[in-house]
Amino acid sequence: MRDFPDVPLRPFGYFVHHQGRGHAERCAAVVNALPEARPVRIFCARDDIFPTLRENVTVQKLPSLFEARGDVPRGAALLDTPDTTHCAPVGWSGIREAMAAMAQFFAAEAPDLMIVDVSAEVAQLARLCSVPHVKILQHGDRSDVGHCATYDGAAGLLAPFHADLAQKSWAAWAEKIHYAPGLGVNVSLPKPEDARATLKLGNRPMALVVCGGGGNGISEAALGVAARSYPQMDWITIGEVQRDWHATLPPNLMHKGWVDNAPDYIAAADLVISSTGNTTCAQVLTAAKPWIVVPEWRYFDEQVEKARALGQAGAALHLPHMPSSAHAWRAAVEQAESQHNPARQRALAGASDAATRTAQWLGNLADRLWDRTEISKSLKEVHHA
């Protein structure tokens, strides 16, 4: 084995949006897979949403970029928003402090990369500060000037899903994209019979409705119609359900609220109805269940495009909204079951090595950007010796 100079690794920065849970889980998976010698500074408005992080990783809490402190002057707040930005209100002291904290990190630490999950403004800040950034790629109509500038200026784009779910509009950035299906998601699920035993379910079939953590939940009234349409089946919801005073609820509809063991429910289900959050999608694809996807409202129609992609890929039945009658529910369930393709779903789900492969891609990208390709190649030779 040859000797090589001890080259300390420069840090990675990582901005994490604090809405929902998927951003933080994905971040933890990536940074924990990086070499222990790689320092990472995470910037987030919350420091209590992350799974366990390895040593050499710090979380710096920022003021929220999306929640005002109440000190905003009306005149500044009413300035026009340019097409180049999405969320850049004027007069917010919290935004000034947050951006200053990241700019100070750029100047003091000279990070190899800034990973952004997600904010077009933070990504463009990194580029303006001469720091290469990797932007998490999300579905949706991202044809606006702000998104295009962010993607054009990125050193790399990280897509936490299968390449078969790509949108045609991403062709211009194809060479930058690293696809990582299953990234940040525990894709090992219990056996259905074990999950049913854990949940103390009987022999009746079970339909599971999964409501995500980034929105307002699914309307209870629609689910009441579904449960009444299938009295021979138990209907269980997990997550936030939007309550309706006029919903006539049958006894086979049960709300469990937020649970810590969502994989048990998914593994035990005979049918899944859900929105298209990243974690939910990865787990349902792994479980390979008959699946109806109904997008919730998100900025830039993110879930609309993700649901459309899943439908076109043969992984789920895509509906634009919840069925609103008994006959519509029956037609949807029958179609979801008849077109169910478990092999196709499992092929899109990804594998447990998603984080490892992503960490390798990020390391190789940083070495190439900072002209360390020979060092990187030599270290690989030592690693495989």
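The values are calculated or read from the model by the stated rules, or taken from the named source; none is laboratory data. None of the values given here were measured: they were computed from a predicted structure. Note that we place each Cβ from the backbone using ideal geometry, even for glycine, and neighbour counts take in every protein chain shown. Heads up: the accessible areas ignore ligands, DNA and RNA and are worked out on the full protein's heavy atoms, side chains in. Shrake-Rupley method; radii C 1.70, N 1.55, O 1.52, S 1.80 Å.
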- Any chance segment 11-32 includes a residue that's under 30 Å from Asp353 (Cβ atoms), open to solvent by 40 Å² or more (accessible area, probe 1.4 Å) and part of a loop (DSSP other than H, G, I, E, B)? yes
- With respect to Val59, is the statement that it is assigned to a helix (DSSP H, G or I), modelled with pLDDT of 95 or more and closer than 26 Å to Ala108 by Cβ true? no
- Has segment 295-308 got any residue that is surrounded by fewer than 22 Cβ atoms within 10 Å (Cβ to Cβ) and over 17 Å from the mean Cα position of the chain (by Cα)? no
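Looking at Gly363, Gly311, Gly350, which one is closer than 25 Å to His23 by Cα, without any contact (Cβ under 8 Å) to a residue 24 or more places away in the chain, open to solvent by 10 Å² or more (accessible area, probe 1.4 Å) and not hydroxyl-bearing (Ser, Thr, Tyr)?
Values: Gly363 fails: without any contact (Cβ under 8 Å) to a residue 24 or more places away in the chain; Gly350 fails: without any contact (Cβ under 8 Å) to a residue 24 or more places away in the chain.
Answer to the check: Gly311.
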- Task: Scan segment 223-245 and report the pairs whose first residue is modelled with pLDDT under 95 and whose second residue is assigned to a loop (DSSP other than H, G, I, E, B) and open to solvent by less than 40 Å² (accessible area, probe 1.4 Å), with Cβ atoms within less than 7 Å and a gap of 6+ or a chain change.
- Result: Gly239/Cys211; Gly239/Gly212; Gly239/Gly217; Glu240/Cys211; Glu240/Gly217; Val241/Cys211; Val241/Gly217; Gln242/Gly217
- Query: Pairs, please: C-beta under 6 Å, at least 6 apart or cross-chain, first residue within 23 Å of Ser143 (Cα to Cα) and in segment 171-186, second at pLDDT 95 or above and among the hydroxyl-bearing types (Ser, Thr, Tyr)?
  - Reply: Trp173/Tyr151; Ala180/Thr358
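Within segment 125-142, take every residue that is without any contact (Cβ under 8 Å) to a residue 40 or more places away in the chain and not in a strand (DSSP E or B) and give me the one that is surrounded by the most Cβ atoms within 10 Å (Cβ to Cβ). Before you say what the answer is, go through the steps one by one.
Within segment 125-142, the first condition is being without any contact (Cβ under 8 Å) to a residue 40 or more places away in the chain, and the residues that meet it are 125, 127-130, 133, 135.
Narrowing the set further to residues that are not in a strand (DSSP E or B) leaves 125, 127-130.
Values: Leu125: 20, Arg127: 18, Leu128: 11, Cys129: 16, Ser130: 9.
Result: Leu125.
Just to be sure before I move on: is Ala155 at negative phi and within 21 Å of the chain's Cα centre (by Cα) in the structure I sent? Quick ask: steps written out before the conclusion?
Details: at negative phi: yes; within 21 Å of the chain's Cα centre (by Cα): yes.
Criteria met by Ala155.
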